[in-house]
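Take a look at the structure below.
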Amino acid sequence: ISKSRGVSELYKHAQPFSFFLTKVAGIADKYNSTLALDIKDILSADMGNLVASCQFNYMFDIPWLIQQYPKEFRSKPLLIVHGEQGPSKTELEAEAIDYKNIRFCQAKLEMMYGTHHTKMMLLQYDTGMRVVIHTSNLIKQDWHQKTQGIWISPLFPKMAKPSATEGDSLTYFKKNLLEYVSAYKAYQLKDWINNISEHDMSAARVVIIGSVPGRHTGDQMRSWGHLKLKRVLQQHGPSNTAVTKWPVIGQFSSVGSMGANKEAWLCGEWLQSLSAVNGGTTLPSVPPLQLVFPTKDNVRCSLEGFPAGGSIPYSINVAKKQMFLHDFFHQWRSEGQGRSRAMPHIKTYLRPSPDSQKTAWFLVTSANLSKAAWGALEKKGTQLMIRSYEIGVLFLPKFFGDKELFDVSSNLELLKSSTNVFPLPFDLPLTDYVKGKDRPWLWDIPYMDLPDTNGNIWCPR
Ligand SMILES: O=C(O)CCC(=O)Nc1ccc(C(=O)O)c(C(=O)O)c1
């Protein structure tokens, strides 16, 4: 049988969730031949005859990015949406001097420490438009040996005339996408906003969960970050009885400052939102919280070795102030997907059953575990302060057929032979840190006791 199946066949097999991982170099072919794509697959002519594209991201290698498009698409108009300022903005624009088809849009970052973290592609074809929401920077290394997530929309057909409300889905995908892109208030995005309004997005089944910088009040409070997720779970989430005692899992590749204790934000605010249920009765007690973050040895023994930790920016200065957080941590393990040694840059959140067979929902997003990304309540809960741009997609069973729960598995053999099992990027149940041995990966301290996969030690600075 042909080893590299056409992209459109890979795409078909991944329906209805359309959730993929990136291909990983150096693991058995079988782990890359189903439910896995490379950037060249996403941009290939198999997905559509490209007319123009817009790339929202944090890190860009412009010459490398252009090479990922098929030759015949490399001179199509490309808008780059970034968060660079001053000299690094100048440097980024200089990288594109020779490309007459490239334009830039600088996302305003007026909140200190905010980042333009969002990773999204808008792809305009001659036959319609596609939206891709993912977790990879637009640099070679992010698509080489890491675990990354990708959601690819259906091909949205063009409508007779533009409309901000016509052609929306049950999940208000079009309305939320327009709200998100409009929040940049950037003239360079005007044409893409018009483009979005010209397309019929009624086939979209995921809910957009976005973050934009600001101090959001009134109705805007529940349009972004963890309060948006809370509202959606209260409207469309599981019943209280269905998920009693079920844990919330957070999996991420970086950690912000959580404050003095778990009540300050993690369990007192953020977990309250992620454990929201249908009908919205605030639960008497919050459910168990389990977090997935690589250990130092997960990184040391990874395919990339210690350099994988260059993309897992947890600093000792932040970590030493929140040792309570590390009691929630579990190892990165992905035997089912062949990715235990492909360090996570994906960020995912879910509400799995204690027996690991089901989940009530699943979110893949750019948002790490940080107040900057998810927002922090201020002024006695009357405003939500968010520092960064983030975007993710939420999968809810009710929008994928009449059911309350998803069957889940990370076992690729099982996933290949069944339909409608949600593909998890990592193994359940989770694997504890080994007491007295395992430490969370910290990127700014030396490790000289044991060599990594390439025989090297790690001496940052
Ligand atoms: O965010 C925080 O509060 C802590 C600092 C931080 O995590 N910075 C950061 C920046 C860029 C990326 C990226 O790769 O886009 C990532 C990531 O994705 O892990 C993380």
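What ranking of 151, 64 comes out by heavy-atom accessible area, probe 1.4 Å, highest first?
Working: 151 10, 64 35 Å².
Ranked list, largest accessible area first: 64, 151.
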Inset, instruction - Just read off the accessible area of residue 385 with the full protein assembly in place, 1.4 Å probe, to the nearest 10 Å². - result: 20 Å²
Legend entry - Per-residue ³J(HN,Hα) for segment 378-392, Karplus 6.51 cos²θ - 1.76 cosθ + 1.60, θ = phi - 60°, Hz, x for Gly and Pro: 9, 6, 6, x, 9, 8, 10, 9, 10, 9, 10, 8, 9, 8, x
Inset, instruction - Calculate the dipole size of the chain relative to its Cα centre from +1 charges on Lys and Arg beta carbons and -1 charges on Asp and Glu beta carbons; express the result in debye to the nearest 20. - result: 540 debye
Legend entry - Phi-based couplings in Hz for segment 242-252 (Karplus 6.51, -1.76, 1.60; Gly and Pro marked x): 5, 10, 3, 6, 5, x, 9, 10, x, 10, 7
Inset, instruction - Only Lys, Arg, Asp and Glu count, each charged at its Cβ (+1, +1, -1, -1), so figure out the dipole size of segment 328-461 about its Cα centre, rounded to 20 debye. - result: 440 debye
Inset, instruction - Could you let me know the centre-to-centre spacing of segment 153-218 and segment 403-461, using Cα atoms, in angstrom? - result: 34 Å
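Keeping every protein chain in place, order 135, 90 by accessible area at 1.4 Å, biggest value first, i.e. largest first. Display every interim value, and only then the final one.
Values: 135 0, 90 90 Å².
From most exposed to least exposed: 90, 135.
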Inset, instruction - Compute the separation of the alpha-carbon centres of segment 232-285 and segment 75-94 and state it in Å as a whole number. - result: 37 Å
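Once neighbouring chains are kept in place and the probe is 1.4 Å, which whole percent of the accessible area of segment 261-420 is contributed by carbon and sulfur?
Working: 2780 of 5570 Å².
The C+S portion of the solvent-accessible surface of segment 261-420 is 50 percent.
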Inset, instruction - Give the dimensionless ratio obtained when the Cα radius of gyration of segment 1-103 is divided by 2.2 N^0.38 Å. - result: 1.25
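Whenever you get a sec, line up 447, 314, 31 from highest to lowest accessible area (probe 1.4 Å, protein heavy atoms). The partial results should precede the final answer.
Values: 447 25, 314 0, 31 45 Å².
Largest to smallest exposure gives the sequence 31, 447, 314.
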Legend entry - Projected area averaged over orientations for segment 288-427, convex hull of C-alpha atoms, nm²: 10.8 nm²
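Compute the relative contact order of the chain as a whole-number percentage, counting only Cα pairs closer than 8 Å that sit 6 or more residues apart in sequence. The partial results should precede the final answer.
Values: 1013 pairs, mean separation 77.1, N = 461.
The normalised contact order for the chain reaches 17 percent.
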Inset, instruction - Find which of 186, 162, 232 sits farthest along the positive direction of the dipole of the chain, computed with +1 on the beta-carbon of Lys and Arg, -1 on that of Asp and Glu, about the Cα centre. - result: 232
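If you average over every viewing direction, what projected area does the convex hull of the Cα atoms of segment 78-128 give, in nm²?
Numbers: hull surface 18.3 nm².
Here the figure is 4.6 nm², rounded to one decimal.
Over the chain, give the accessible area per residue in Å² for a 1.4 Å probe, as an integer. The partial results should precede the final answer.
Values: 18950 Å² over 461 residues.
Heavy-atom accessible area per residue stands at 41 Å².
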Legend entry - Three semi-axes of the equivalent ellipsoid, segment 245-355, Cα gyration tensor, whole Å, largest first: 27, 18, 10
Inset, instruction - Return, ordered by residue number, the residues of segment 31-66 whose backbone nitrogen is under 17 Å from a label point located 7 Å along Cα→Cβ of residue 98. - result: 61-66
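State to the nearest 20 debye the size of the charge dipole of segment 105-151 about its Cα centre, where the only charges are +1 on K and R beta carbons and -1 on D and E beta carbons.
Working: 5 positive and 3 negative charges, 24 e Å.
Dipole size: approximately 120 debye.
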Legend entry - Modelled FRET efficiency - R0 41 Å, residue 323 with residue 90, Cβ distances, 0.05 increments: 0.50
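Rounded to a whole number, what % of the accessible area of segment 30-144 do carbon and sulfur atoms account for, probe 1.4 Å? Don't skip to the answer; put the middle values down first.
Details: 2480 of 4730 Å².
The C+S portion of the solvent-accessible surface of segment 30-144 is 52 percent.
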Inset, instruction - Place +1 on the Cβ of every Lys and Arg and -1 on the Cβ of every Asp and Glu in the chain, take the dipole about the Cα centre, and give the residue among 316, 364, 220 whose Cα lies farthest towards its positive end. - result: 220
Legend entry - Cα-derived Rg to Rh of segment 106-264, Kirkwood definition: 0.98
Legend entry - Expected 222 nm ellipticity per residue - DSSP helices of 4 or more, -39500 (n - 2.57), all of the chain, to 500: -4000 deg cm²/dmol
Legend entry - Stokes-Einstein D for segment 134-228, Kirkwood Rh over Cα pairs, 4 °C, 1.567 mPa s (µm²/s): 86 µm²/s
Legend entry - Cα convex hull of the chain - mean projected area over all directions, nm²: 22.0 nm²
Legend entry - Label-point separation in nm, residue 219 to residue 188, each point 7 Å along Cα→Cβ: 3.0 nm
Inset, instruction - List, in the order given, every pair from 23/416; 12/40; 175/228 whose Cα-Cα distance in the structure shown is over 19 Å. - result: none
Inset, instruction - Pick out, from 177, 128, 145, the residue whose Cα sits farthest towards the positive end of the charge dipole of segment 97-238, with +1 on the Cβ of Lys and Arg and -1 on the Cβ of Asp and Glu. - result: 145
Inset, instruction - DSSP loop (so not H, G, I, E, B), at most 13 other Cβ within 10 Å: list which GluC sites (Glu not before Pro) in segment 51-116 pass both filters. - result: 110
Legend entry - Translational diffusion coefficient (Stokes-Einstein; Kirkwood radius from C-alpha pairs) of segment 387-461 at 4 °C, 1.567 mPa s, in µm²/s: 76 µm²/s
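The values are calculated or read from the model by the stated rules, or taken from the named source; none is laboratory data. Just so it is clear, the model here is predicted, and its values are computed rather than measured. Using ideal geometry, Cβ is built from the backbone for each residue, glycine included, and neighbour counts are taken over all protein chains shown. All accessible areas refer to the heavy atoms of the entire protein, side chains included, with ligands and DNA or RNA removed. Shrake-Rupley method; radii C 1.70, N 1.55, O 1.52, S 1.80 Å.
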